[in-house]
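All of the numbers you see were taken from the coordinates with simple rules; none came from a lab. Quick caveat, the model's predicted, so the values are computed rather than measured. Cβ placement follows ideal geometry from the backbone for every residue including glycine, while neighbour counts extend to all protein chains displayed.
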Amino acid sequence: MNRAVRPTPIIQSRVQTVLDYFKFPDVSFWQDDPTTTQPINFQMMTLQTRGAVIRAGQGINKDRVFDVSWKNAKQAGLIRGSYWFYDSRVNPKRQAEKYVEVLRDDVGEMEMWCDFEDRYGGQFTGWRHWFDFMERIKFLLPNKNLGVYTGYYYWQEFAAGVNYFSQYPLWIAWYNPTPPLIPPIWDDWLYWQFTDDGDGALFGVESAEIDLNYFNGSEADFLTRYPKPQVQSTFIATFGNVKVEYRKVS
């Protein structure tokens, strides 16, 4: 991605405030080594952050570690979001249906993020098909908030000026210490993916690197926006020949 040049006073002002942003990672199968038995260590991740976005899949394929990661992140008490990598070689409505099927009845606490960055050049390339993808998800999950992940230059190439997408929050990829450029249809970003070279071990993953993101606000703002996931514990007690199951939600 090309780097933008901004006037020095603006850069200095924004870099000073960036330290106040809440930081969290996003993860996928790339953060889990298939040659080992252990999954991503979300308990360790909680020492660094309160949330994580987890890749649910691409095209019509579920991420190979999604189910385990989704469950373990919840059990660790992390606030969870998901994302789906849109694949232009696959019918957008079928992709939407698969995304909803993968989440089933646990759609997470953060937005469902629609990841638009593919360059496969398939027959479903372009914003009109992205529209179909998002509208199908909205039809299937009308009460769930969606968001758009993309890069500035990519968006300007494929969807410049298409105001439909401005109704959704923006997650902008911008690997640069300067403030991110954002497509003009948005007033601001909600998430800023500022690096793909974070310290993986620090966040409990098996890859050396990890994507890191800023939330456009403080940790308190983040916790106000998203409810904490409810974790259900089950206890079974035996009284004679009778077993009684107790469930505790925390």
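Backbone amide hydrogens, once placed in the peptide plane, bring Q193 within less than 5 Å of I172, A173, W174, Y214, excluding anything fewer than 5 places away on its chain.
Provide the net charge surrounding V162, with neighbours chosen by a C-beta distance below 14 Å and charges set as Lys +1, Arg +1, Asp -1, Glu -1. Provide the component values of the computation, followed by the final result.
Numbers: positive: R128; negative: D132, E135, E157.
Residues near V162 contribute -2 overall.
A cut-off under 13 angstrom between Cβ atoms defines the neighbours of Y191, and their net charge, with Lys, Arg +1 and Asp, Glu -1, is -4.
Beta carbons within 10 angstrom, averaged per residue: use that to sort the peptides 132-143, 162-173, highest first. Spell out each step's value before the answer.
Details: 132-143: 15.7, 162-173: 17.9.
Listed from highest to lowest mean packing, they are 162-173, 132-143.
Using θ = phi - 60° in the Karplus curve 6.51 cos²θ - 1.76 cosθ + 1.60, the 3J(HN,Hα) couplings for the stretch 133-150 round to 4, 6, 5, 5, 4, 4, 5, 7, 10, x, 9, 9, 7, 10, x, 10, 9, 6 Hz; x is entered for Gly and Pro. Entry for the stretch 8-249 at q = 0.16 Å⁻¹: log10 I(q)/I(0) = -1.22, Debye formula applied to identical alpha-carbon scatterers, no solvent contribution. Each residue of the stretch 216-224 was assigned a 3J(HN,Hα) from its phi angle through the Karplus curve 6.51 cos²θ - 1.76 cosθ + 1.60 (θ = phi - 60°); the sequence is 7, x, 7, 4, 4, 5, 4, 5, 6 Hz, with glycine and proline shown as x.
When you count, for each residue, the other Cβ atoms within 10 Å and take the mean per peptide, how do 84-91, 182-189 rank with the highest first? The partial results should precede the final answer.
On the way: 84-91: 20.2, 182-189: 15.5.
My ranking of the peptides, most packed first, is 84-91, 182-189.
Close amide H partners of I54, meaning residues 5 or more places away or on another chain with modelled amide H under 5 Å apart, are V27, G81, S82, Y83.
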